[in-house]
1. If I compute solvent accessible area with a 1.4 Å probe over the protein chains, what percent of it on region 263-451 is carbon and sulfur?
2. Trypsin sites (Lys or Arg not before Pro) within region 270-343: which are DSSP loop residues with at most 14 other Cβ atoms inside 10 Å?
3. How high is the relative contact order of region 151-199? Use alpha-carbon pairs under 8 Å, at least six apart in sequence, and give a whole percent.
4. Take the Cα atoms of region 257-380, build their convex hull, and give its volume per residue in Å³.
5. Just to confirm, what accessible area per residue do you get for the chain at 1.4 Å probe, in whole Å²?
6. Short version: ³J(HN,Hα) in whole Hz for each residue of region 201-210, in order, from phi by Karplus 6.51 cos²θ - 1.76 cosθ + 1.60 (θ = phi - 60°), x for Gly and Pro, what are they?
7. Work through the residues other than E480 whose Cβ is under 11 Å from its Cβ and net out their charges, Lys, Arg +1 and Asp, Glu -1.
8. In Å, what Kirkwood hydrodynamic radius results for region 120-199 from the alpha-carbon pair distances?
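The values are calculated or read from the model by the stated rules, or taken from the named source; none is laboratory data. Small disclaimer: the values here were computed from a predicted structure and weren't measured. So basically every Cβ, Gly included, is an ideal-geometry build from the backbone, and we count neighbours across all protein chains shown. Only protein heavy atoms, including side chains, enter the accessible area calculation; ligands, DNA and RNA are left aside. Shrake-Rupley method; radii C 1.70, N 1.55, O 1.52, S 1.80 Å.
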Amino acid sequence: MGDLKNIETRLFINNEFVQSKSEERYTVYNPATGKHVADIPVANVADVDAAVAAASAAYKGPWSKFSAEQRAACLNKLADLLDAKKSEIGQLETACMGTPAAIATHMLPPMGTKLLRYYAGWADKVAGESFPPDGEGDELYKIVQYEPLGVCAAIAAWNATPLYLGTKMAPAVATGNTVVFKASEKSPLGINVAASCVAEAGFPPGVINFVSGGGSTGALLAGHMGIAKISFTGSGITGRKVQEAAARSNMKRVTLELGGKSPAVVFADANIPNATEAAVDRFLMLTSQVCVAPSRLFVHSSIAEKFIATAKERFEQIGKSWGASSDPTSMTTMHGPLADQTQLKRVLDYIESGKQDAKLITGGERIGNEGCFVQPTIFLDPKPDAKIYREEIFGPVLTIRTFETEDEAMELANATTYGLAAYVFTSDMGRALRVARKLEAGTVNINSGGGIDVRVPMGGIKASGSGREYGKLGLMAYLEPKTITMK
Ligand code: NAD
């Protein structure tokens, strides 16, 4: 791509890039340099209505005539086209959000296309069930078949847009639905590279549509009467609004992938280098703008002094490369800036509150005055009601507490409204499995920092969301069972 001057910013409806009917624009700035990247349209009610109408016509029309094999072929072709454009996608993600190029190019787009292929494979494998009459007097034969829902909307967070295309769009179209996709206002550009491939992949007009904008556009989707399902990834506060709008409008189905405040519990018998790598180094990945980041670390008191000293050393070592010299466009940079000024201010506000509520071990300051960089920061022994300990920060701020017993560790780990992920480090497998049962989380990782596997469901319990993405459950979320009885 190279030329950031000719960036496509229009909406994509009916297989065409179209001007928004809205005059409203917002500006994306590069968070590493502060430089202007693009002015983006805020899709209004007329735009959203047009996208939903296109998706609805495609759902009832040409897309309903495609066989499962044909739908799979479109998804596979789109995956091939996107693989060839991963550098272009990566460059735009890096420009918008400061995601290091190595991640924006070589990690997130391939994960997205892997999901497209995975769900293509499912397209012709959704079977139903049948129940013959049961006992004397039952004359009914029952068939349960799984049907697509109709027009589905996807609203995404900003930290991994190419991946969300795979988790949300792929299972929807594999099962015969059509889609209106809204990327986050912080990362609206890479997705238009995907849009430019949709027609060539063979999708009829209207099957996949993209609208840009922030909360106002998202709210139009959440409350739209023509949308049958919404899949949302974002914060708990917005997730609640989406749930409410869905209930107030047409009771559309809702999948919520929300935030977390995930615990990592390190027992005295843990393999310490492994626990350090998985819970400390990896916490800083994507500058800790990761929903499953282990942001509350609990360490057994007998190893606490050494472990905390090591964590401090690792944070300071990794943090040395942060700041103006860490150019996210370089393939060797592994940690970029925070996504934008809003996120920077948010993280700095949390750090300031942390200075009142806990002991600062390392970090605690902004780096430089231009890019959105902060020092990787550790707080020890936060007050139980401290904001830094209770609320998701989505930035490189780790809290550490010590514990004496397994019961105490479980109580501390579960004392949160969230339930997305949890991590446990011990060499006692009996304890590991016992603790995994007790931890209140959608995913528990034993002696590992976890990872994404397209076959395995991911999602949260408690206030971290509802429903699952990935795997068969992620597919079934786009199907409605219908029971047919026959005499
Ligand atoms: P956010 O809630 O601010 O925004 C998410 C999306 O919602 C954006 O596209 C935004 O435009 C849209 N939106 C805003 N107001 C809306 C409204 N009223 N109605 C409908 N849509 C609206 O979240 P964010 O800052 O983009 O992302 C960070 C959050 O996402 C964190 O909480 C993080 O943990 C969470 N997240 C969760 C997962 C997961 O899989 N569980 C993955 C990544 C991020």
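1. Working: 4010 of 7910 Å².
Answer for region 263-451: carbon and sulfur cover 51 percent of the accessible area.
2. Numbers: sites: R282, R296, K306, K312, R314, K320; in loops: K320.
Those that pass, being in a loop and sparsely packed, are K320.
3. On the way: 48 pairs, mean separation 23.6, N = 49.
Relative CO of region 151-199 lands at 48 percent.
4. Values: hull volume 14.6 nm³, N = 124.
Normalising the Cα hull of region 257-380 by residue number yields 118 Å³.
5. Working: 19870 Å² over 487 residues.
Counting only protein heavy atoms, the per-residue value for the chain is 41 Å².
6. 6, x, 5, x, x, x, 6, 10, 10, 10
7. Numbers: positive: K229, R253, K482; negative: E147.
Counting the neighbours of E480, the net charge comes to +2.
8. After inverting the pairwise mean of 1/r, the radius is 15.3 Å.
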